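The values are calculated or read from the model by the stated rules, or taken from the named source; none is laboratory data. Predicted model, so just to flag it, every value in this text is computed and none were measured. In this analysis, Cβ positions are derived from the backbone assuming ideal geometry, glycine residues included, and neighbour counts consider all displayed protein chains.
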Amino acid sequence: MPETLCGCGIVITRPIEQAHHLAELVGREGGRPILFPLLEIAPVSQGDALNAVLDKVPTCDWAIFISSNAVQQGMPRLLERHPQLPAHLRFAAIGPTTAAELQRYGIGNVLIPAGRFDSENLLSLPEMQAVHGQHIAIFRGIGGRDLLAEQLQARGAEVLFAECYRRINPQQDAGDLPALWQNKQLHAIVVTSSEALRHLVALGNDADWLRGTLLCVNHPRIGELARSYGLQVAVADLPGDEGMLNCLIQNRRQP
C-alpha cells in the first residue's frame, strides 16, 4: 500500500504529551511529523479556592470533565481529598478519550455525547436536560468555554468550576516554520483548540507561510475561527487521531 503522506511535513500543535500518537500515524503514512506545541498544561496550585470546590464535589449530582487534561489534573486531587467517592455521584465526559482517562481512575459508566464530542452535543443528551435543582461540578482549565455552564444554569442547575490547570504557550516565535514553508517542507498544520489557533495567528502575524499553509482542525467551530483570520481550512469529518489522519490524507498536497 502506498504511503499516502509521503514527503509531507505535518505540524502538530498539541501539547507535546498528547501529540505522539498522531505523530506516529503520520509517520506510518510516510509523512514527517513536526512537533510544535502551542499549548502547555501547567497545574494550578492547590489553594483555598480549588480545595473549597473539591470539598463540595461529593455533594454534587454530576462531575463533568471537559478534557483528558481535566482528568489528569483533577482526579488525583479529588481522590486525595475523597478516597471513597459517593455512589450517587455520576460522571460525564466531553468524549471517549476523556472517558477512557476516567476509567484509569476506576470510573466506569461515563456519560459521553454521540457524534461530535463537544459541549453542544453533551448538552443535547437527555441526562443533561432534566437538571433542575441538581449540583454539577465542571472540571476544566482556567478560562475555558462558558457555554456548558451557562446552559446548565439556565436549566436550573447549580454549577461549580473546578479549574485545576492552566494553559500556556511555550513558543516565543514561529521557529523553523517559515523556513520549512519556504523550502516546501511544510504542507499542513494540525490545530485542535481555539486557544492554540490564536497563539498560531499571533506568531504568524499575517505571514505568507501561515496564509499559504492548510490548517486541519477537528471541529467546525475552530474552522470558522480560522476562516475569520483568512486562513485555509479543512475540518475533520471523524473524531480522534484517526479522523485527523484521514483529513490530512484527503487534503494532501504535493510537496
Kindly establish whether L78 is among the aliphatic types (A, V, I, L, M), surrounded by 14 or more Cβ atoms within 10 Å (Cβ to Cβ) and in contact with a His (Cβ under 6 Å, 6 or more places away or on another chain).
no
Can you tell me how many residues within segment 1-19 are surrounded by 15 or more Cβ atoms within 10 Å (Cβ to Cβ) and either within 16 Å of the chain's Cα centre (by Cα) or more than 21 Å from A234 (Cα to Cα) (or both)?
7
I'm trying to understand the selection: among the residues of segment 20-76, which are of a type in the set (G, A, S), modelled with pLDDT under 95, under 23 Å from the mean Cα position of the chain (by Cα) and not in a helix (DSSP H, G or I)?
A42, S45, S67
Subset of segment 1-30 [β-branched (V, I, T) and closer than 20 Å to L210 by Cα]:
I10, V11, I12, T13
Limited to segment 95-124, what total is found for residues that are among the hydrophobic types (A, V, I, L, M, F, W, C), crowded, with 16+ Cβ neighbours inside 10 Å and either assigned by TED's automatic domain parsing to the domain that holds A236 or more than 18 Å from H135 (Cα to Cα) (or both)?
5
Give me the residue from segment 208-235 that is in a loop (DSSP other than H, G, I, E, B) and over 18 Å from the mean Cα position of the chain (by Cα) and, out of that set, farthest from N121 (Cα to Cα).
G212
